[in-house]
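Q: Got a structure for you, written out below as structure tokens; questions coming shortly.
Every number here is computed from the coordinates shown, using simple stated rules; none is lab data. Source: prediction; values computed, not measured. Here the Cβ positions follow ideal geometry from the backbone for every residue, glycine too, while neighbour counts run over all protein chains shown.
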Amino acid sequence: MAGSGRPRVRRARTRAARASVSRVRVRPLTDVDLAGCLDLFEAVAREGRWLATEPPIDRREVSARWRALVETGEGTLLLAEEDDGTGPLGLAAMVGRSSPELGMLVAEGHRRRGVGDALLDACVAWARGIGAREVVLHVFPHNTGAVALYRKHGFEERGVLRRAYPRRSGERWDAIRMVKPLQPPLG
């Protein structure tokens, strides 16, 4: 439609993206999911831009760390999948209890389709359910899509960690510290 400022194609994509949100479900990770989630973690790590972890990953060490997180009650692992069980599409880890730290990843072909929204909603609900004060995360500044997603969900920038993440190349990457308060401030 002339003069509307938004072409039809964009509206169609927006409707499709909204429709895909309803097909995503988030649930706790189980042992049955472990191999697929490790594959997803490895694939996103191979992209070389989004995670602090660089390939190759030590699958035994990562799976032991994930199991310990859940078994000790120090956090949770959440899996996003299609409502028919196809997946994993994304994975989130919440580490800690009073101010849990969030780590999240979404499969390359499923970004900007509601998977991150569903994971964030589930993570915040988990944190509220355990009485956490806030949710904390670190995100690389070049990951502008993730920064926008976190802002949309109420995360606020609380500073930059300069050169905090060493890379195998010798570079050191900055990270933005973001926080979502869950309880009103005292006083």
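Q: If we restrict to alpha carbons, what Rg and Dmax does the stretch 9-181 come to, in Å?
A: 15.8, 49
Q: Mind checking the full-extension length gain between Ser98 and Leu34? Use 0.36 nm per residue of separation minus the Cα-Cα distance, one decimal, nm.
A: Computed gain between Ser98 and Leu34 is 20.4 nm.
Q: On to the next question. Let me check I've understood the local charge: for Val179, count other residues with C-beta under 13 angstrom from its C-beta, Lys and Arg +1, Asp and Glu -1. What total comes out?
A: +1
Q: While we're on this one: What per residue convex hull volume, in Å³, comes out for the stretch 95-186 when only alpha-carbon positions are used?
A: Residue-normalised Cα hull volume stands at 109 Å³.
Q: With the crude spin-label approximation of a point 7 Å out along Cα→Cβ, what separation in nm comes out for Ala68 versus Glu171?
A: Distance between the two pseudo-spin positions: 3.0 nm.
Q: Loop-only check: which GluC sites (Glu not before Pro) in the stretch 70-172 are DSSP coil with at most 10 other Cβ within 10 angstrom?
A: Glu171
Q: State the extension gain, in nm to one decimal, for the chain segment bounded by Asp84 and Arg60, taking 0.36 nm per residue of separation less the distance between their alpha-carbons.
A: Answer, rounded to one decimal: 5.8 nm.
Q: Determine the sum of side-chain charges near Arg46: Lys and Arg each +1, Asp and Glu each -1, restricted to other residues whose C-beta is under 11 angstrom from that of Arg46.
A: Here the count lands on -4.
Q: Same structure, new question: When only DSSP loop residues count, what trypsin sites (Lys or Arg not before Pro) in the stretch 30-72 have their Cβ near at most 13 other Cβ atoms within 10 Å?
A: Within the stretch 30-72, the qualifying trypsin sites (Lys or Arg not before Pro) (loop, at most 13 other Cβ atoms within 10 Å) are Arg49.
Q: As a test of the formula, what do you get for the chain when each DSSP H run with n ≥ 4 contributes -39,500 (n - 2.57) and the sum is divided by the residue count, at 222 nm and rounded to the nearest 500 deg cm²/dmol?
A: One gets -11000 deg cm²/dmol as the mean residue ellipticity at 222 nm.
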